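Reviewing the structure listed below.
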C-alpha cells in the first residue's frame, strides 16, 4: 500500500509541476516564438515595400533629362514621401497590434498560471493538514494502546 501511495504521490507531483510550471513555460515559449515570427514577417514586408519604393525613386531619378523631367520627378518625390509616411504609420500600427496581442496573451497566461498555482497550493495544504490529523490520530491511538498494555502488564 505504501508503494502505491508513493507512486500516486509521485504522479500527482508530476501533474502539478506540469500544470503549474512546465505547461505554462512551454505555452509562453510558444507565444514568444509566434510573436517573434510575426514581428520578423512585418519587418520583412516593410523592408520589401521600402526597398521597392527606393528602387522606383532611383530609377525615376535616372530618367531625368531636362527641367520638365526634374519638375515631374520632384512632384513624384513628394507623392513618394507621402506614401512612405503612410506606410510607416501602417507598419507602426501593425507592430503595436502584434505587441498588444502578445502582452494580452502573456497576461492571461500569467493569471491562469497563478490561479493554477494557488489551487495546487491549496490542495497540497489541505492534503497536508489531513495527513497531519491522521498521523496525530494514529499517534494518539498508539499512546492509548501503549497505556492499556502498561496497565495490563502492571496488573499481572
How far is helix 67-155 tilted off the main Cα axis of the chain, in degrees rounded to 10, range 0 to 90?
0 degrees
Sorted by Cβ density within 10 Å, fewest first, the residues 155, 127:
155, 127
Take the alpha-carbon centre of the range 96-156, take the same for the range 13-88, and report the distance between them in whole Å.
53 Å
When the chain is treated as a GNM, springs tying every alpha-carbon pair under 10 Å, which of 109, 62, 33 comes out with the largest mean-square fluctuation?
62
Angle between the Cα long axis of helix 23-62 and the longest principal axis of the chain, 0 to 90 degrees, nearest 10?
0 degrees
Burial ordering of 115, 94, fewest other beta-carbon atoms within 10 Å first
115, 94
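Please compute the volume of the convex hull spanned by the alpha-carbon atoms of the chain and report it per residue in Å³. Walk me through the numbers before you get to the answer.
Values: hull volume 14.9 nm³, N = 156.
That works out to 95 Å³ per residue.
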Fewest first, what order do 4, 36 take by the number of other Cβ atoms within 10 Å?
4, 36
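Since every read-out is calculated from the coordinates, none of them should be taken as a lab result. Owing to the predicted nature of the structure, the values given are computational and were not obtained by experimental measurement. Methodologically, a virtual Cβ is constructed for each residue, glycine included, from the backbone with ideal geometry; neighbour enumeration extends over all protein chains shown.
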